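Comments concern the structure below.
The values are calculated or read from the model by the stated rules, or taken from the named source; none is laboratory data. Please read these numbers as outputs of a predicted model, since none were measured by experiment. So basically every Cβ, Gly included, is an ideal-geometry build from the backbone, and we count neighbours across all protein chains shown. Only protein heavy atoms, including side chains, enter the accessible area calculation; ligands, DNA and RNA are left aside. Shrake-Rupley method; radii C 1.70, N 1.55, O 1.52, S 1.80 Å.
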Amino acid sequence: MTQIIGQKEAEEAYVQAVSVWLKKASESEAIGVLVERLGMNRASASDMIRNFSQMLKGEEYHRTLSELVTRFYFERICLEFGFECLKKAIQATMAHIEYYEALSSGGNRPGLRKLCKEFEAILPPLCQDPVYRFQAEVDAALMNSSEDRRSRLENTDPNSNRVVIRTFAFRRNPDVVAERLSQANGICDRCLSPAPFNRKSNGRPFLEVHHTIPLAEGGQDVVENTMALCPNCHREAHFGEDWA
């Protein structure tokens with residue numbers, strides 16, 4: 001009889017897998033907990049423990065996890081280990097899918113492929129960019145139930161924490177920005193509305209210069225690759241689903 005692995009099993013397996021990853025328990029101890037507490041067979045328990053570590057390493061694993069378990073692992077990895085680890089988990093799962101589909105006894109895994117694409121969509125274009133990181137964290141949290149979020153909130157320090165963020169940035173040419181702003185003459189290139197206010201520092205209309213092809217994607221820091229946008233349009237350029 002095939003054992004059904006549900007949400008309860010996924011949650012406990014995740015806890016035990018993290019414990020092994022952090023070297024707080026041995027693999028055999030974690031498997032024993034799943035067998036004793038939940039009545040899981042040792043093979044399934046072993047798969048759920050080992051596959052987790054392969055996900056965090058971005059390495060191909062061979063034993064299939066259900067879509068329910070994979071989704072739960074992705075969600076928790078994103079929230080607790082960050083986007084770099086989520087990216088590795090997706091890579092490991094895609095490698096597993098390709099391995100499985102290549103087997104003579106295997107088959108297509110459209111559900112897992114769709115799941116990987118769903119979580120790839122919340123990865124920020126630059127994982128180091130704090131703006132994209134936070135929005136993607138919000139997107140990941142929205143995938144959880146309200147009950148899960150409230151449970152985490154009850155155990156979270158309400159005071160903001162100050163952190164040091166080290167990242168890479170592009171040295172932009174101020175003449176490009178100045179020329180684009182001059183050409184715009186206070187009018188947004190997207191919505192064609194006047195700038196919403198003037199800058200306190202110099203009294204000039206407040207518009208933001210946006211690179212049509214991002215510098216991080218090989219775009220050039222030239223006037224022809226820029227737009228002068230009002231704040232609303234600039235946010236839409238980065239986060240709007242209908243932006244073209």
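Here are some notes:
- Annotation: residue 73 fulfils all but one of (1) of a type outside the set (S, T, N, Q); (2) touching a residue at least 60 places away in the same chain (Cβ under 8 Å); (3) farther than 30 Å from residue 146 by Cβ; the unmet one is (3).
- A Cβ distance below 8 Å, combined with a sequence gap of six or more or placement on separate chains, defines the contacts here; from the range 22-42, residues that are over 24 Å from residue 57 (Cα atoms) reach residues that are at pLDDT 90 or above and assigned to a loop (DSSP other than H, G, I, E, B) in the pairs 35/41.
- Hits in the range 137-155 - residues which are assigned to a loop (DSSP other than H, G, I, E, B) and modelled with pLDDT under 75: 143, 144
- Subset tally (residues that are surrounded by 14 or more Cβ atoms within 10 Å (Cβ to Cβ) and in contact with a helix residue (DSSP H, G or I) (Cβ under 7 Å, 6 or more places away or on another chain)) for the range 194-214: 5
- First in the range 207-234 and without any contact (Cβ under 8 Å) to a residue 24 or more places away in the chain, second anywhere and surrounded by fewer than 18 Cβ atoms within 10 Å (Cβ to Cβ) and among the basic types (Lys, Arg), Cβ under 9 Å, 6 or more apart: 211/172
- The range 69-100: number of residues that are open to solvent by less than 10 Å² (accessible area, probe 1.4 Å) and out of contact with any His (no Cβ under 9 Å at 6 or more places or on another chain): 13
- Failed item, numbered, when residue 122 is tested on (1) of a type outside the set (S, T, N, Q); (2) at pLDDT below 70; (3) assigned to a loop (DSSP other than H, G, I, E, B): (2)
- Qualifying residues in the range 10-54 (those that are among the polar types (S, T, N, Q) and part of a loop (DSSP other than H, G, I, E, B)) - the one nearest to residue 66 (Cα to Cα): 41
- Residues in the range 215-242 that are assigned to a loop (DSSP other than H, G, I, E, B), open to solvent by less than 50 Å² (accessible area, probe 1.4 Å) and farther than 20 Å from residue 185 by Cβ: 219, 221, 240.
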